[in-house]
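Colleague: Following this message is one structure expressed as structure tokens.
The values are calculated or read from the model by the stated rules, or taken from the named source; none is laboratory data. No experiment lies behind these values; they were computed from the predicted model shown. Using ideal geometry, Cβ is built from the backbone for each residue, glycine included, and neighbour counts are taken over all protein chains shown.
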Amino acid sequence: MRNLIRFILSYHFFILFLILETLSLTLAFQHNNYQKAKFVNLSQGVTGFFYSKTAILNDYLSLRKTNQQLAAENTKLNNILQRAYRSDEIFFYGEYDTAYQQHYFYTSARIINNSVNKQNNYLTLNKGIEAGIKLEMAVVSPEGIVGVVNGVSKRFSTVISLLNTDLRISAKIQKNNYFGSLSWDGKDYREAILYEIPHHVLISKGDTIITSGFSTIYPEGVLIGIIKDFEVIGGNFYEIIVQLSTDFKNLTYVNVVSNLRKEEQIELEEQLEYD
């Protein structure tokens, strides 16, 4: 209390000045419309500025939750699309349609570990057997293919990345459907090589490369990238450099793709091998 009295006595002229200044400004704003309007506009501008900055901060802090919601929504939409279209025709149908059942099912997952600077790169996902993840399921991102599930536990799964020299993907040129084998050569994480395309096929830089669908893993038409360059090797086939659409250094959320007809297809093809 003594310190407070000493402070007031020391600065009483300044405190009195602040009181009188506040009183005079209040009277001026109350009885003069021009000054009042200026003060209101100024206060609204300052308030709006702080509100906008607060909103930006709140948006930034909620980015993780927003990304999770978007990943879940994308997965939901993918599953709706699988149920909503017949073959290559736009034809909506209900759950009662037994002739054209859903072919693929998508499950969203978050990448919790990823490598791009090795010869054989892998990813780890935060979902496993409990979420229905199984071996040899395709993994895709909104930008394109990512890899194939090669290990699962109760709550986690590992993925052999497209950036792995041991992985081969059946791919085709979108404009003419010529297909070949695509793999990574271990050099640039932004590029892969497409082989086995005959040299008589007309191709151009910028042509789109997609999955062929000639396996039980990847659906047909998943984006891989575009042709960056090409040359004829050995006189019969192209060696095509594909600029990958997926940025493997900027991956967070992916979809794991389950082929609901995989067992049926494998069973039928195995019968052909025994015949």
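Colleague: Only one residue in Ser157, Ser170 is closer than 16 Å to Tyr238 by Cα and assigned by TED's automatic domain parsing to the domain that holds Phe214, so which one is that?
Modeller: After applying the criteria, what remains is Ser170.
Colleague: Which of the residues that make up the range 184-204 are under 18 Å from Tyr122 (Cβ atoms), exposed (fewer than 14 other Cβ atoms within 10 Å of the Cβ) and touching a residue at least 24 places away in the same chain (Cβ under 8 Å)?
Modeller: Gly186, the sole residue that qualifies.
Colleague: Under the condition of being within 19 Å of Trp184 (Cα to Cα) and free of Cβ contacts under 8 Å to residues at least 60 places away in the same chain, which residue from the range 123-158 is farthest from the chain's Cα centre (by Cα)?
Modeller: Asn150
Colleague: If you don't mind, another one. Just to be sure before I move on: is Ile241 in contact with a Gly (Cβ under 7 Å, 6 or more places away or on another chain) and either modelled with pLDDT of 95 or more or aliphatic (A, V, I, L, M) (or both) in the structure I sent?
Modeller: So Ile241 does not fit the description; no.
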